[in-house]
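Engineer: If you scroll down you'll find the structure; I have some questions about it.
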Amino acid sequence: QAQAAAAASRLDEISSAKADAQKAQTAATAARRECAASRAEIESLRQKLSESEDVCTAKDAAVRDLHSVLKRAQDEARREREKALQVQARFEAERLERERAEIEAEATAQKLRDEVS
């Protein structure tokens, strides 16, 4: 009977150890699933980061292009203003030259009238 009690005790220990092993195996399986999910999430975040970096790079390039276009437009506007000022200055010089010629002609005419009279 002592042997039977010892065997029953040993069966209980084995049963308990088996239950503990199953619990550990279940926990390990859950941990592996969590790790796999975490790895997948990390990979997804890496992909999103890469896409965001690509978008930022594209936006940086667009900003550089726009800056270049703006610079060219400003340079062209400056050249056009300079041309307009040159034309305006030439017209003003021509007007002043006509006024000077008119004044000289009037002075000459007055001188001739004075000489005749």
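The values are calculated or read from the model by the stated rules, or taken from the named source; none is laboratory data. No experiment lies behind these values; they were computed from the predicted model shown. Remember, those area values only see protein heavy atoms, side chains included, never the ligands or the DNA or RNA. Shrake-Rupley method; radii C 1.70, N 1.55, O 1.52, S 1.80 Å.
Engineer: Using only the Cα atoms of the range 50-117, each taken as one equal point scatterer with no solvent, compute I(q) by the Debye sum, divide by I(0), and report log10 of the ratio at q = 0.14, 0.19, 0.27 Å⁻¹.
Structural biologist: For the requested q values the scattering log ratios are -0.69, -0.84, -1.03.
Engineer: Among all the lysines, which ones have a C-alpha under 24 Å from residue 23's C-alpha, if same-chain residues fewer than 8 places away are not counted?
Structural biologist: none
Engineer: Mind pulling the angle between the C-alpha long axis of helix 2-116 and the longest principal axis of the chain? Nearest 10 degrees, somewhere in 0 to 90.
Structural biologist: Tilt of helix 2-116: around 0 degrees.
Engineer: Okay, next question. Give me the one-decimal Kirkwood hydrodynamic radius in Å for the chain, with the sum taken over alpha-carbon pairs.
Structural biologist: On the way: mean 1/r = 0.0398 Å⁻¹.
That comes to 25.2 Å for the chain.
Engineer: How long is the gain from residue 47 to residue 71 if the chain were fully straight, where each residue apart is worth 0.36 nm and the alpha carbon distance is subtracted?
Structural biologist: On the way: separation 24, 0.36 × 24 = 8.64 nm, distance 3.59 nm.
Extra length available between residue 47 and residue 71 comes to 5.0 nm.
Engineer: In terms of solvent-accessible area of protein heavy atoms at a 1.4 angstrom probe, what is the ranking of 42, 103, highest value first?
Structural biologist: Putting 42, 103 in descending order of accessible area: 103, 42.
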